[in-house]
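Student: Before I ask anything, here is the structure I am working with.
Coordinate-derived values only; no laboratory data. As the structure is a prediction and not an experimental result, all values here were calculated from the model. In this analysis, Cβ positions are derived from the backbone assuming ideal geometry, glycine residues included, and neighbour counts consider all displayed protein chains.
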């Protein structure tokens, strides 16, 4: 049975209300419905968001927007739990007689917009910082803190409006494909490399998952599901391909090539190449000269 977020239950009131807090989103299923209040929540764990007659897989950090007009439910699907944030406010806090264009387009007021936005790594840092500032202000003793909190809410909406929601909201049918596409594009963007100018900085599935703001287990799962190959195999294949090009068509030393491809020691590079091609780098270079 759906359970409420761990914030106080507020009775319906005509007085302005705003509250903000941190939440690990326990228990495993949460209802974001309230007849009097709007909610904006920052989710940092995997799960499913149910709204209207749809559901969306949440496989990376996301903002969700709940309103009195439409209830939402959240169901966690991962055992790993991340602490997120939420803010809760009513119509009186928004000052309906002074609503401007910014708030008129806000996801929690505009029912034509999607109720969630997936966040990139940079966007995640922006919204975490905003929520942290709101939380600090909410706990302060400043008598005019509601004005400051209202300004933070405006700023949050502006940041939301910068994001192209039509490109980042996906149904469960396309979420896996989208993550794999982002992973492959990120891999492609690292090449070609030049040992003197730049080197490969991402060499493990965990590093790619961190950049994509998803759990490495989820990345491995969807990559295998979509491509039939493991994440490690795809990364290794691309590094081997680049290694062969550099060994056979460049004058760079084997040590420089190893460093450019993300290997700290030439010996590690030699073992890697031999494992995947059957011959060590020195033999590939010698064969080129024959």
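Student: Between residue 154 and residue 189, what is the FRET efficiency for a Förster distance of 41 Å, r being their Cβ-Cβ separation, to the nearest 0.05?
Tutor: In this case the efficiency is close to 0.75.
Student: Under the classification rounded if a/c is under 1.5, otherwise prolate if a/b is larger than b/c and oblate if not, where does the range 221-290 fall, given a ≥ b ≥ c as square roots of the Cα gyration tensor eigenvalues?
Tutor: prolate
Student: Neighbour counts of other C-beta atoms within 10 Å: give me 55, 74 arranged from fewest to most.
Tutor: Placing the least packed residue first, the sequence is 55, 74.
Student: With an 8 Å Cα cut-off and a minimum separation of 6 or more residues, compute the relative contact order for the range 175-289 in percent.
Tutor: It rounds to 25 percent for the range 175-289.
Student: While we're on this one: Using 0.36 nm times the number of residues separating residue 225 and residue 287, minus their current alpha carbon distance, what extension gain do you get?
Tutor: Between residue 225 and residue 287, full extension yields 18.5 nm more.
Student: Evaluate E = 1/(1 + (r/R0)^6) for residue 275 and residue 92, where r is the Cβ-Cβ distance and R0 equals 51 Å; express this FRET efficiency to the nearest 0.05.
Tutor: 0.20
Student: Here is a further query. Based on the Cβ-Cβ distance from residue 201 to residue 136, what FRET efficiency comes out when R0 is 30 Å, to the nearest 0.05?
Tutor: After rounding to 0.05, the efficiency reads 0.30.
Student: Considering the convex hull of the alpha carbon atoms of the range 175-289, report its projected area averaged over all viewing directions, in nm², one decimal.
Tutor: That works out to 7.1 nm².
Student: Let me ask something else about it. If I model a spin label as a point 7 Å beyond the Cα along the Cα-Cβ vector, how far apart are those points for residue 232 and residue 245 in nm?
Tutor: 2.5
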